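Student: I am attaching a structure below and will ask some questions about it afterwards.
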Amino acid sequence: MREVEFLVKRRFSFIAALLVFFAHAAVTNAPVTALDATPDDTARILAGLRPAPTSPLAPMTQDPAWQSHASAMNASWAELDQRQLSRARVWSLANLGTPSPVMFYMFSGPDFPNAEALFPRATTYVFAGLEPVGPLPDVIALPPAKLPAALGELRASLGNFLQYGYFITRDMGTDMRSGSFTGVLPVLYLSLARSGMTITGVTFLNLDGKGGTAPLKSGGKARPRGVRIDFAGPAGGQRTLYYFSTDLSDGGVGKSGFLKFCEKLGGGDSLLKSASYLMHVGGFSRVRGFLLANSATLVQDDSGIPLKYFEPGRWRLRPFGQYLPPIDEFKRHEQPDMAQLFAGASPVNFGMGYHWHASRTNILVADRVTGPAPPRQ
């Protein structure tokens, strides 16, 4: 009985706090929406982290459903960080040298944690995937009775990522188009908060065929093609994440202006992981050519650019881990020359890609060189 009384009191205090907030909004004639909370407050609530004490979302932390969500996220993220992210950071600092300020991540979905772990010193991240941006996650508008299900749906959309370190495209197509929180924005919010970042601004964007962008107001009929999230790292300093919902096939990217937008940023470093081997087949030559022409360092697993496209003399190739044939779904994309390249490669202690276990992971680091590349090991 005491436990029931405790939960009732916690629920009552949460509702009472919300009533005070709504009453204040009514007196001031201010509309009560997610816009009353800062993007960072919203990100922290979704991530299971407490927002600022003065935030209109602070009362939500008294709800047992949110507390259960926070506990689950704390445990899951700690395991992910211990198993993968913290080890990737150490490996990156030891092996990737001087980074570029711009980082390109094609076929990314909302995978900010791996991008930041491998390229922690980038100041501009550019992501691209098929998944929609989605609207601003409106946490305040969510009825308290729906909170447990909504937070459960959010955790479910992260399930594969938290366990294996990558998102499955077909699952994202379902998870991010239904439920209380839709699109990639809630996951990006959560990931930034859990990575220790502070969101300082969010702007929806549309992209024209020449690579130009124009701000787009949220809530209108037009669906945003992209979003710009400005944020600060734990040590300060402003950084930017762009996500564009775009078809990266030759036909789609030729019309969208996305690669022209990227070209305006100059060269950068690139990441390719769990990329469905799309650049192994016809129809993705433009994005492959862009990465080969504009990457100073390219980090990938074998689902990225086939080995045969790295022209000798222009690239220094450094293998890490172990090359195994692709999983059954992609076994037709096996590369015998990769097995030769990876003979005697340095081991890695974290997973990346479809062979997500550290003992089965292959990572290829391709560095652009000005002179002849050294012979392959």
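The values are calculated or read from the model by the stated rules, or taken from the named source; none is laboratory data. Since this is a predicted model, take the numbers as computed values, not measurements. Every residue, glycine as well, gets a Cβ built from its backbone with ideal geometry; the counts of neighbours run over all protein chains shown. The protein model used for the area step is the full one, side chains on, heavy atoms only, and it has no ligands, DNA or RNA in it. Shrake-Rupley method; radii C 1.70, N 1.55, O 1.52, S 1.80 Å.
Student: Could you tell me whether region 254-377 comes out rounded, prolate or oblate from its Cα gyration tensor? Rule is a ≥ b ≥ c as square roots of the eigenvalues, rounded for a/c under 1.5, then prolate if a/b exceeds b/c, otherwise oblate.
Tutor: oblate
Student: Against the empirical 2.2 N^0.38 Å scaling, what ratio does the C-alpha Rg of region 225-287 come to?
Tutor: In units of the 2.2 N^0.38 Å rule of thumb, it is 1.34.
Student: Something else now. In Å, what Kirkwood hydrodynamic radius results for region 52-131 from the alpha-carbon pair distances?
Tutor: About 15.1 Å, per the Kirkwood formula over Cα pairs.
Student: Along region 333-343, what does the Karplus equation 6.51 cos²θ - 1.76 cosθ + 1.60 (θ = phi - 60°) give for ³J(HN,Hα), rounded to whole Hz, x for Gly and Pro?
Tutor: Taking θ as phi minus 60°, the curve returns 9, 5, 10, x, 5, 5, 4, 5, 4, 8, 4 Hz for region 333-343.
Student: Could you order Arg89, Arg314 so the one with the most accessible surface comes first? Probe is 1.4 Å.
Tutor: Arg314, Arg89
Student: What's the extension gain from Gln82 to Ser346 if we count 0.36 nm per residue and subtract their Cα-Cα distance?
Tutor: 93.0 nm
Student: Please work out the ratio of the alpha-carbon Rg of region 186-313 to 2.2 N^0.38 Å and round it to two decimals.
Tutor: Normalised Rg, Cα atoms only: 1.17.
Student: Another question about this same structure. Round to the nearest 0.05 the FRET efficiency obtained for Asn95 and Ala145 when R0 = 51 Å and r is the Cβ-Cβ distance.
Tutor: 0.55
Student: Sticking with this structure for a sec: By how many nm would the segment from Gln163 to Arg50 grow when fully extended, if each residue of separation counts as 0.36 nm and the alpha-carbon distance is taken off?
Tutor: Net length gain for the segment: 38.3 nm.
Student: Could I ask something else about it? Starting with the highest mean, order 147-158, 233-244 by the number of other Cβ atoms within 10 Å, averaged over the residues of each peptide.
Tutor: Most protected by this proxy first, the peptides run 147-158, 233-244.
Student: Which order do peptides 71-78, 362-369 fall in by mean Cβ count within 10 Å, highest first?
Tutor: 362-369, 71-78
Student: Could you check how much of the accessible area of region 254-377 is carbon and sulfur, as a whole percent, using a 1.4 Å probe?
Tutor: Reported share for carbon and sulfur atoms: 51 percent.
Student: What are the ³J(HN,Hα) couplings of region 251-264, residue after residue, when phi is run through the Karplus curve with 6.51, -1.76, 1.60 and θ = phi - 60°? Round to Hz, x for glycine and proline.
Tutor: x, x, 6, x, 9, 6, x, 4, 5, 5, 4, 5, 4, 5
Student: Same structure again: Count charges around Gly48 for me, please; just the other residues with Cβ under 11 Å from its Cβ, Lys/Arg as +1, Asp/Glu as -1.
Tutor: +4
Student: Subtracting the Cα-Cα distance from 0.36 nm times the residue separation, let me have the gained length for Arg314 to Ser68 in nm, one decimal.
Tutor: This chain segment gains 83.3 nm when fully extended.
Student: Counting only residues 5 or more places away or on other chains, whose amide H sits under 5 Å from the amide H of Ser100 once H atoms are built in the peptide plane?
Tutor: Asp269
Student: Report the net charge of residues surrounding Tyr354, where surrounding means a beta-carbon distance below 12 angstrom and charges are Lys +1, Arg +1, Asp -1, Glu -1.
Tutor: Overall, the nearby charge balance is -1.
Student: Moving on. With every protein chain present, what is the per residue accessible area of region 231-278 (1.4 Å probe, Å²)?
Tutor: Here the per-residue accessible area is 34 Å².
Student: According to the square roots a ≥ b ≥ c of the eigenvalues of the Cα gyration tensor, what is the shape class of region 306-346, taking rounded for a/c under 1.5, prolate for a/b larger than b/c otherwise, and oblate for the remainder?
Tutor: oblate
Student: Considering amide H positions built from the backbone, and no H for Pro or chain starts, which residues 5 or more places from Gly201, or on another chain, come under 5 Å of its amide H?
Tutor: Asp230
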